[in-house]
Structure formats: C-alpha cells, structure tokens
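Trainee: If you scroll down you'll find the structure; I have some questions about it.
The values are calculated or read from the model by the stated rules, or taken from the named source; none is laboratory data. None of the values given here were measured: they were computed from a predicted structure. For neighbour counting, all protein chains shown are included, and Cβ atoms are generated from backbone atoms with ideal geometry for every residue, glycine included. Protein only, heavy atoms only, side chains kept; ligands, DNA and RNA dropped before computing areas. Shrake-Rupley method; radii C 1.70, N 1.55, O 1.52, S 1.80 Å.
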Amino acid sequence: MERLAVKSCILRSVGYDAAQKNMEIEFSSGLVFQYAGVPAKIYADLMSSDSVGKYFSEKVRNRFRARKIGA
C-alpha cells in the first residue's frame, strides 16, 4: 500500500485501501501498523486535520483493530 508523508511528531506516513477499508500508519519510530475497518471519512479527516497525531490518537488508536506489519 502506498503511504503519503504527513507532518506529525508521532506519525511519518499514512496509506489507505478504500476497497479493503484498511489504513496503514508508519510511526516516527519506523513501526508500521495496519488498522482494519476504517471508513474513508476517517482517513480523509485524518489527512486534512491540523494535528494529524492528535486526530489519530483521538479517532483511530484503540478504536480499530490493529496489527503490526513492519518495522
């Protein structure tokens, strides 16, 4: 999945697969997690947020099933 760089202290890049509703997050640490069942609106709102890290923490983290896919 292609990820786009984001300006954030905790996130490095974000990707989204609309067909599967999967969102990939690469953290500043280099760890990559995939979040399942994420609606397109959540991805769009994350990418347009003034604070990508805050939006992720409030709307994605601990709300969608996550699995580590890379480091």
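Trainee: Among the residues of the stretch 25-40, how many are aliphatic (A, V, I, L, M) and either touching a Cys at 6+ places or on another chain (Cβ under 9 Å) or part of a loop (DSSP other than H, G, I, E, B) (or both)?
Mentor: So the first thing to find is which residues in the stretch 25-40 are aliphatic (A, V, I, L, M), and the list is 25, 31-32, 36, 38, 40.
Okay, now just the ones that are also either touching a Cys at 6+ places or on another chain (Cβ under 9 Å) or part of a loop (DSSP other than H, G, I, E, B) (or both), so 31, 38.
Residues that pass the stated criteria total 2.
Trainee: Pull up the stretch 15-24, narrow it to residues that are not polar (S, T, N, Q) and not in a loop (DSSP other than H, G, I, E, B), then point me to the one that is farthest from Ser57 (Cα to Cα). Don't jump to the end; show me each part of the working.
Mentor: If we filter the stretch 15-24 for residues that are not polar (S, T, N, Q), which is where we start, we get 15-19, 21, 23-24.
Add one more test, that the residue is not in a loop (DSSP other than H, G, I, E, B), and what stays is 15-17, 23-24.
Working: Gly15: 16, Tyr16: 17, Asp17: 20, Met23: 14, Glu24: 14 Å.
Applying the filter and picking the extreme gives Asp17.
Trainee: Pairs needed: first member in the stretch 1-24, free of Cβ contacts under 8 Å to residues at least 40 places away in the same chain and under 15 Å from Gly53 (Cβ atoms); second member anywhere, open to solvent by 70 Å² or more (accessible area, probe 1.4 Å) and polar (S, T, N, Q); C-beta distance under 9 Å; at least 6 residues apart or different chains.
Mentor: Arg12/Ser29
Trainee: Is it the case that some residue within the stretch 49-56 is in contact with a Cys (Cβ under 9 Å, 6 or more places away or on another chain), buried (at least 16 other Cβ atoms within 10 Å of the Cβ), outside any strand (DSSP E or B) and at pLDDT 95 or above? First the steps, then the outcome.
Mentor: Taking the stretch 49-56 and keeping what is in contact with a Cys (Cβ under 9 Å, 6 or more places away or on another chain), we get 53.
Okay, now just the ones that are also buried (at least 16 other Cβ atoms within 10 Å of the Cβ), so 53.
If we keep only those that are outside any strand (DSSP E or B) as well, we get 53.
Cutting the leftovers down to at pLDDT 95 or above gives us 53.
Yes; the residues of the stretch 49-56 include at least one that is in contact with a Cys (Cβ under 9 Å, 6 or more places away or on another chain), buried (at least 16 other Cβ atoms within 10 Å of the Cβ), outside any strand (DSSP E or B) and at pLDDT 95 or above.
Trainee: If you go through the stretch 2-14, how many residues are within 13 Å of Val60 (Cβ to Cβ) and either open to solvent by 60 Å² or more (accessible area, probe 1.4 Å) or in a strand (DSSP E or B) (or both)?
Mentor: 3
Trainee: For the stretch 29-71, give me each residue that is under 11 Å from the mean Cα position of the chain (by Cα) and of a type in the set (A, V, I, L, M).
Mentor: Result: Val32, Ala36, Val38, Ile42, Ala44, Leu46, Met47, Val52, Val60, Ala66.
Trainee: Condition first: at positive phi and open to solvent by 50 Å² or more (accessible area, probe 1.4 Å). Can you find one or more residues in the stretch 28-46 that meet it?
Mentor: Within the stretch 28-46, the subset at positive phi is 30, 37.
After this cut, where a residue has to be open to solvent by 50 Å² or more (accessible area, probe 1.4 Å) as well, the list is none.
Checking the stretch 28-46: not a single residue is at positive phi and open to solvent by 50 Å² or more (accessible area, probe 1.4 Å).
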